[in-house]
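Engineer: First the structure, which I've put down as structure tokens, then a few questions once you've had a look.
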Amino acid sequence: MIEPNIWRPSGAGAWASAGTPLMLFIALGLPAGAIGVAWPHMRASLGAPLAGLGLLLAAWTIAYFVASASSGPGTARFGTSILLLAGCAMAAAGALGVAVSSRWWMIPLAALLLGGGSGLIDAAVNAHVSLNRGVRYMGWLHASWALGATLGPQAIVVSLTATGSWRAAFGAAALAFLGIGLAVAARRGDWTGVASAEPQQPPTTASAGPPYPQALLLLAGLFLIGAGLEATAGDWSYTQLTVGRSMPADVASWSASLFWAGLAGGRVALGLFGNRATPVRLLDAGVAIAMLAALGFWLGPPFVAAFIALPILGIAVSLIFPLLLSLTPERVGSAMASHVVGYGLAAGNLGAGAIPALTGLVLQSAGVLALGPILALLAVVMATLHAVTRFIGPDRRQSP
């Protein structure tokens with residue numbers, strides 16, 4: 001396993017330097033966790049169709065994809081801190097736009113801003129961390145995103161209880177993006193290490209594995225399906241449990257929160273104990289458990305699906321993204337790692353938006369109970385891609 005250079009700021013600013021990326025990812029997770037629980041209430045208040053969630057997510061995804069894919073050239077031209085400031089400003093404007101929208105057609109437009117800003121933040125921070133920190137910090141980074149996503153559903157519940165509307169939760173998300181943007185502006189020097197750090201690493205090759213284009217396609221496929229599985233479960237499970245399985249809304253909201261809490265818990269465990277096993281072995285476990293949990297959600301009775309299978313699925317998929325990012329330098333070589341991180345995140349963003357959007361179309365025509373088979377199919381496809389990567393790539397050298 002290739003470990004990136006560990007960038008450690010000295011002096012009193014060390015904690016602030018380490019904490020700013022984590023704060024960014026907490027803010028990044030808030031709208032992602034909130035949207036699935038907010039959607040039935042948004043749909044009712046704005047007169048949107050059931051598949052309208054798919055349109056919202058499609059707009060979010062298009063902007064997220066473009067922003068992520070262009071983050072490499074953007075960082076080279078403007079620097080990471082400028083990219084982050086632009087991302088925070090766009091995301092704040094988008095979240096505020098969602099909060100104040102009075103017509104359904106305004107929501108996808110606001111989602112373009114929210115998705116574009118989120119994509120800039122996601123790609124810039126992940127590229128910075130992958131080049132300057134190790135797998136355990138990557139685990140803490142993605143645990144922070146999951147913490148924000150865990151708070152998202154309860155933010156909607158609190159907003160509904162306090163104001164009778166879902167809107168205040170998105171207003172709070174806008175304030176969070178503005179606040180962390182001010183923190184980034186105050187510590188712009190913390191984001192200047194990437195350009196000088198990468199050339200100091202001796203280039204590695206992936207000669208023991210597949211050629212670069214093949215490795216890139218396999219990694220992009222894993223990012224796409226893994227993110228799609230995570231987002232589809234998070235966005236649609238609440239609707240399926242309430243509409244399809246007649247579960248009370250407050251009970252189903254706790255199930256949704258437990259899914260996101262599972263994401264947070266799995267990534268906290270990776271941050272604490274990620275050095276106890278190789279990343280490849282951890283990825284094997286995550287993929288296998290995700291398949292079993294997806295089958296449990298499909299075939300289990302409602303409360304088993306909601307409070308056992310869904311949280312376990314959250315834990316399992318929590319490992320996929322940070323481990324794929326940490327394994328990227330070994331699989332494609334460190335010289336190409338920063339490019340593949342951007343492409344992989346773009347593929348993941350595409351999967352996180354397009355797959356739930358397509359799922360919405362299927363659910364509208366086939367019924368919300370079709371979510372179970374869809375999650376199981378996604379888990380099987382992810383396991384197949386992972387098995388191919390293990391068989392032909394450098395990961396096979398890490399098998400016992």
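Engineer: Need the failing condition index for Leu216 against (1) under 30 Å from Val362 (Cβ atoms); (2) in a helix (DSSP H, G or I); (3) modelled with pLDDT of 85 or more; (4) not small (Gly, Ala, Ser), just the number.
Structural biologist: (3)
Engineer: Does Ile312 satisfy being under 26 Å from Val368 (Cα atoms) and either among the basic types (Lys, Arg) or surrounded by fewer than 18 Cβ atoms within 10 Å (Cβ to Cβ) (or both)? Please lay out each step first, then the result.
Structural biologist: Numbers: under 26 Å from Val368 (Cα atoms): yes; either among the basic types (Lys, Arg) or surrounded by fewer than 18 Cβ atoms within 10 Å (Cβ to Cβ) (or both): no.
No.
Engineer: Is the range 383-391 home to any residue that is modelled with pLDDT under 95, hydrophobic (A, V, I, L, M, F, W, C) and out of contact with any helix residue (DSSP H, G or I) (no Cβ under 7 Å at 6 or more places or on another chain)?
Structural biologist: The answer is yes, given that some residue of the range 383-391 is modelled with pLDDT under 95, hydrophobic (A, V, I, L, M, F, W, C) and out of contact with any helix residue (DSSP H, G or I) (no Cβ under 7 Å at 6 or more places or on another chain).
Engineer: In this structure, is Leu282 within 19 Å of the chain's Cα centre (by Cα), open to solvent by less than 10 Å² (accessible area, probe 1.4 Å) and closer than 16 Å to Leu222 by Cβ? Spell out how you get there, then give the answer.
Structural biologist: Details: within 19 Å of the chain's Cα centre (by Cα): yes; open to solvent by less than 10 Å² (accessible area, probe 1.4 Å): no; closer than 16 Å to Leu222 by Cβ: yes.
Against the criterion (within 19 Å of the chain's Cα centre (by Cα), open to solvent by less than 10 Å² (accessible area, probe 1.4 Å) and closer than 16 Å to Leu222 by Cβ), Leu282 does not qualify.
Engineer: If we scan the range 50-61, do we find a residue that is over 28 Å from Leu258 (Cα atoms), in contact (Cβ under 8 Å) with a residue 40 or more places away in the chain and small (Gly, Ala, Ser)?
Structural biologist: Narrowing the range 50-61 to residues over 28 Å from Leu258 (Cα atoms): none.
Among the residues of the range 50-61, not one is over 28 Å from Leu258 (Cα atoms), in contact (Cβ under 8 Å) with a residue 40 or more places away in the chain and small (Gly, Ala, Ser), which makes the answer no.
Engineer: Oh, and also: Hey, does the range 103-111 have a residue that's of a type in the set (D, E, K, R), open to solvent by 20 Å² or more (accessible area, probe 1.4 Å) and either in a helix (DSSP H, G or I) or under 26 Å from Ser318 (Cα atoms) (or both)? I'd like the intermediate steps shown before the answer.
Structural biologist: The first filter runs over the range 103-111 and keeps only residues of a type in the set (D, E, K, R), leaving 103.
Now drop any that are not open to solvent by 20 Å² or more (accessible area, probe 1.4 Å), which leaves 103.
From the residues that got through so far, the ones that are either in a helix (DSSP H, G or I) or under 26 Å from Ser318 (Cα atoms) (or both) too are none.
Among the residues of the range 103-111, not one is of a type in the set (D, E, K, R), open to solvent by 20 Å² or more (accessible area, probe 1.4 Å) and either in a helix (DSSP H, G or I) or under 26 Å from Ser318 (Cα atoms) (or both), which makes the answer no.
Engineer: Does any residue of the range 242-252 turn out to be part of a helix (DSSP H, G or I), open to solvent by less than 10 Å² (accessible area, probe 1.4 Å) and at pLDDT 90 or above?
Structural biologist: Yes, the conditions are met somewhere in the range 242-252.
Engineer: A further question on this structure: For the range 343-395, give me each residue that is without any contact (Cβ under 8 Å) to a residue 12 or more places away in the chain and polar (S, T, N, Q).
Structural biologist: We begin by selecting, within the range 343-395, every residue without any contact (Cβ under 8 Å) to a residue 12 or more places away in the chain; these are 365-366, 370, 377, 384, 387, 391.
Matches in the range 343-395: Ser365, Thr384.
Engineer: Could you count how many residues in the range 35-48 are touching a Gly at 6+ places or on another chain (Cβ under 9 Å), farther than 13 Å from Gly94 by Cβ and not charged (D, E, K, R)? Explain how you work it out, then say what you get.
Structural biologist: So the first thing to find is which residues in the range 35-48 are touching a Gly at 6+ places or on another chain (Cβ under 9 Å), and the list is 35-39, 42-43, 46.
Right, trim to farther than 13 Å from Gly94 by Cβ and you get 36-39, 42-43, 46.
After this cut, where a residue has to be not charged (D, E, K, R) as well, the list is 36-39, 42, 46.
The number of residues fulfilling the criteria is 6.
Engineer: Please determine whether any residue of the range 146-162 is assigned to a helix (DSSP H, G or I), over 28 Å from Ser255 (Cβ atoms) and open to solvent by 50 Å² or more (accessible area, probe 1.4 Å).
Structural biologist: Here is the first cut: in the range 146-162, the residues assigned to a helix (DSSP H, G or I) are 146-162.
From the residues that got through so far, the ones that are over 28 Å from Ser255 (Cβ atoms) too are none.
No, the range 146-162 contains no residue that is assigned to a helix (DSSP H, G or I), over 28 Å from Ser255 (Cβ atoms) and open to solvent by 50 Å² or more (accessible area, probe 1.4 Å).
Engineer: Please count how many residues of the range 62-88 are polar (S, T, N, Q) and either in a loop (DSSP other than H, G, I, E, B) or free of Cβ contacts under 8 Å to residues at least 60 places away in the same chain (or both).
Structural biologist: 1
Engineer: So, one more: Against the conditions (1) modelled with pLDDT under 90; (2) out of contact with any Phe, Trp or Tyr (no Cβ under 9 Å at 6 or more places or on another chain); (3) not in a loop (DSSP other than H, G, I, E, B), where does Asp235 fall short? Just the number, please.
Structural biologist: The failed condition is (2).
Engineer: Please enumerate the residues belonging to the range 38-83 that are within 21 Å of His142 (Cβ to Cβ), more than 17 Å from the chain's Cα centre (by Cα) and open to solvent by less than 20 Å² (accessible area, probe 1.4 Å).
Structural biologist: Hits for the range 38-83 are Thr80, Leu83.
Engineer: Among the listed residues Leu361, Leu350, Leu310, identify the single one that is out of contact with any Pro (no Cβ under 6 Å at 6 or more places or on another chain) and at pLDDT 95 or above.
Structural biologist: Values: Leu361 fails: at pLDDT 95 or above; Leu350 fails: at pLDDT 95 or above.
Result of the check over Leu361, Leu350, Leu310: Leu310.
The values are calculated or read from the model by the stated rules, or taken from the named source; none is laboratory data. From a predicted model like this one, the values you see are computed outputs, not experimental measurements. With ideal geometry, Cβ positions are generated from the backbone for all residues, glycine too; neighbour counts draw on all protein chains shown. SASA here: full protein model, heavy atoms, side chains in, ligands and nucleic acids out. Shrake-Rupley method; radii C 1.70, N 1.55, O 1.52, S 1.80 Å.
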